[in-house]
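Beneath this line is the structure, given in structure tokens, with notes to follow.
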Amino acid sequence: MSWAVPKEVEEKVDALVRRYPKPRSAVVMVLHALQEHFGCISPEAIEWTARKLGLRPINVLELVTFYPMFRREPFGKFHLRICRTLSCALAGSHQLHRHICEKLGLDPAKPGPQTSTDGLFTVEFVECLASCGTAPVIMCNETQHEQMTIEQVDKLLDQCRCKCGTGREGNLAAEHGFEP
Amino acid sequence: MKQSQQSNDPLAAPPGMISVTVDGRTVLVPRTMPDWQGRQVPTTMLQACELAGVTVPHYCYHPKLPVAGNCRMCLVEYGVPALGPDRKPMRQPDGSLVIKKSPRPAIACATPVSPGMEIYTSTPTVKLMRQSVLEFLLINHPLDCPICDQAGECKLQEYSVEYGRASSRFVETKVHKNKQVDLGPRIMLDQERCILCSRCIRFTRDVVGDDALGIVNRGSYSAIAAYPGTTFDNNYTLNTADICPVGALTSKDFRFQMRVWFLKETMSLCASCGTGCNIVIGSRENRIYRFTPRQNDAVNSCWMCDYGRLNYRWIERADRLTNPGGTKLTKPDWEDAINGIAAGLKQTIPGHIAIVASARLTNEELYLVRRLAQFLGAPTDCAPRSGPADNLLLCADRNPNTKGAQLLGIAASLPGANLPVFARLIRNGTIRSLLVFGEDVTRHGIAPEDLARLDFLVASDIHSNGTTMISHYFLPGCAHVEKRGSFTNVHGRIQKFEKAVDPPGLARPELYWLSELVCRVTGQSVGRTVESVFEAMRAEVPAFRNIAWADLEDHGVATSV
Ligand code: SF4
Ligand code: SF4
Ligand code: FES
Ligand code: FES
């Protein structure tokens, strides 16, 4: 299937571009709009953006690779952001990150977001999530989970799996006391 | 009293000037200086320091590129005159200014000077800042100097020796990146060596107009890249290897060929087009290893094109002519060849002889051809050579000295216009003798069958060619890198070049045997050195009248015509 930007997305992009004195100033907003629609920024999206704004694709690639909020690949159903900054680090977030990675078969030493092979989880080690008082903090999609422990993390992962009906064997509801 | 105090007063500089103090030495600097495009902009601390004879180490700053201010190597401390409550500069009892030292350092490359400013480049703080910048740059640096082509001309090496720490305190694991990125057909990138100064990005974007490179990723993973699937391929890419302060960008042609400290450097010119970019030839043991641009703001700034830079391999080709020869020469001997040619020329009749001389010959050589032509009554011309021009340096005229040939009256006003006429006159038997210096006329409209009708055919060239092969006498000439002389570029600038390597075998500079021939045939000597021929040329040819060889210096002189 050939890649195309639907009409309504392109209209949205055009409106964004008009808000700036120079088209290139709109580049970050345009990328956000495309990511919102497509789920990630593909090479096609980079090239389309460059054409749209009169840039060279390398100019757009620089931005996409610089800002961590832009995704180059589709993310898993659950985006786990584990805080790596000072308060959380002191409260054990690095161990949590390692634990999650190992559980999901990911490499804790690898920089950047990683997605589990089943496509369910994307794990990202991020800077301060601005809830340092309740360290260590993990965000699962848009929900914040505070003062996390290894046990709570395990429970969180199971909950997520459960929501998708891909639960592991055993009685999750009984083990953790929640409704599947 | 007031008067004398004012004359020493840093705030009372002459109009258009600013007085600043660099490491205790007060200098007058212009208020504005040319930026990378030559526009007048406020003078920077770095420029002022240079004028004061103080070097400020720098990586990202390059006088011919827009200022980026990203490497921080040029940090200095400074102070400005303190203002009193009346908003007037405060003075010490002795009348000197009270200087308020800035609590923060500034990057010298991007900070303009102001009247009375004091710049400190050798304080303990500045030394510590330089040391720290270097320490940061070296955190992830692979330190592979022993296998790095830049070693010996690397700013990271030089500054580390001069300003760096002796040992590394970094015990963590270095970030590894790609050491062999094939950026384009002529450039290889080692991302680990890159210090992210962005010179290469700015050069190709702002000077060439090909915004092909960028920095991808972030933090210590940042790396120079071209967009995946594209290549860095314009006619100026190799300049990025020159301006890259480290060994990140290397020339595929030169990498791993020779350590730079072994290279002999010779001041020369590129001979591949009429622009005449100034170059340095790097050679060792009579072999050429590279051409690099030499700054001349009147011609090529700091750049040269890839086409001209790589156009040197033919010098070593196996089919070089290495001795005199020809169907009438019994043994490959210069004396016999010159005797034979001189005797032949004495029998020629004006109006029945013509000369084709290459616009690749030097002014001096073409002047000797002119002397011969005048004496023999021979019409002359050059063989034109052209190719597509670009908007930076490369010129459509691919001969280095067409202008010189025109000023000396060798080339027709439209170079090459006489060649079809010569061909016709040979065919109808009017032209009986032809001298061809440095060209193959069979590739310029005079067929071998026509040449075969001539009573007397003399040719010279660097390689064996269709004309030398059937000539009665041929002489082995020299590439410009094998001799001295001058060219006149398309804009009428006369520039000289020096000899880098010896010619092969018995090949001799054209000047050497042309002066001999002129002497034998005309009975007049113009000497046998480039200087003596230049002097004679100057006395005779108006375009060169006001110019002495010594005036040419490193950057040449524009002719008045
Ligand atoms: S490759 Fe060289 S010129 Fe380009 S940013 Fe890196 S160090 Fe600077
Ligand atoms: S522009 Fe012309 S003179 Fe300059 S390097 Fe290229 S070919 Fe040589
Ligand atoms: S340090 Fe983790 S939320 Fe601030
Ligand atoms: S030279 Fe001034 S910041 Fe790089």
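Here is how the numbers come out for the structure above:
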| quantity | calculated |
| --- | --- |
| Other protein chain Cβ atoms within 10 Å, averaged over every residue that makes up A:18-29 | 0 |
| Candidates per trypsin sites (Lys or Arg not before Pro) in the range A:1-32, loop by DSSP, up to 10 other Cβ within 10 Å | A:Arg19 |
| Antiparallel DSSP beta bridges within chain A, percent to nearest 5 | 55 |
| Ranked packing of A:54-64, B:336-346, most packed first, by mean Cβ within 10 Å | A:54-64, B:336-346 |
| Highest average packing first - B:114-120, B:421-427, Cβ atoms within 10 Å | B:114-120, B:421-427 |
| Cα-only Debye scattering, the range B:150-303: base-10 log of I(q)/I(0) at q = 0.10, 0.14 Å⁻¹ | -0.41, -0.79 |
| Part-to-part distance (alpha-carbon centres) for the range B:62-82 and the range B:307-329, which is given in Å | 50 |
| Karplus-derived 3J(HN,Hα), 6.51/-1.76/1.60, for each residue of the range A:137-142, Hz, glycine and proline x | 10, 10, 9, 10, 6, 9 |
| Electrostatic dipole magnitude of the range A:1-142 [Cβ: Lys, Arg +1; Asp, Glu -1; Cα centre; debye, to 20] | 340 |
| Simple Cβ-charge dipole of the protein assembly as shown, Lys/Arg +1 and Asp/Glu -1, about Cα centre, in debye nearest 20 | 1060 |
| Where the Cα pairs of the range A:7-66 fall when distances are cut into 5 Å bins, in % | 4, 21, 35, 27, 12, 1 |
| Residues whose placed amide H lies under 5 Å from that of B:Gly69, excluding near-sequence neighbours | none |
| For residues of B:225-231, the mean tally of beta carbons on other chains within 10 Å | 4 |
| ³J(HN,Hα) computed for each position of the range B:252-258 - Karplus, 6.51 cos²θ - 1.76 cosθ + 1.60, integer Hz, glycine/proline x | 4, 5, 9, 4, 6, 8, 7 |
| Shielding score for A:47-58, defined as the mean number of other chain Cβ atoms within 10 Å | 3 |
| Phi-based couplings in Hz for the range B:327-344 (Karplus 6.51, -1.76, 1.60; Gly and Pro marked x) | 5, 9, 9, 7, 9, x, 10, 4, 4, 4, 4, 5, 4, x, 5, 4, 4, x |
| Normalised convex hull volume, the range B:2-122, alpha-carbon set, Å³ per residue | 117 |
| Value of Rg to Rh for chain B (Rh from inverse mean 1/r over Cα pairs, i.e. Kirkwood) | 1.09 |
| Under 5 Å, built H, 5+ apart or other chain: amide partners of B:Gly326 | B:Phe474 |
| Burial ranking of peptide ranges B:317-326, B:276-285 (average Cβ count within 10 Å, highest at the top) | B:276-285, B:317-326 |
| Ellipsoid semi-axes in whole angstrom, largest first, where each is sqrt(5λ) of the Cα gyration tensor of the range A:78-163 | 19, 14, 11 |
| Quarter of the Cα convex hull surface for the protein assembly as shown, i.e. its orientation-mean projected area (nm²) | 47.5 |
| For the range B:334-558: span of alpha carbons on each principal axis (Å, largest first) | 46, 40, 35 |
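Just so you know, all these numbers are worked out from the coordinates, no wet-lab data involved. Model, not experiment: these values are computed from the prediction. Note: ideal-geometry Cβ built from the backbone for every residue, glycine included; neighbour counts use all protein chains shown.
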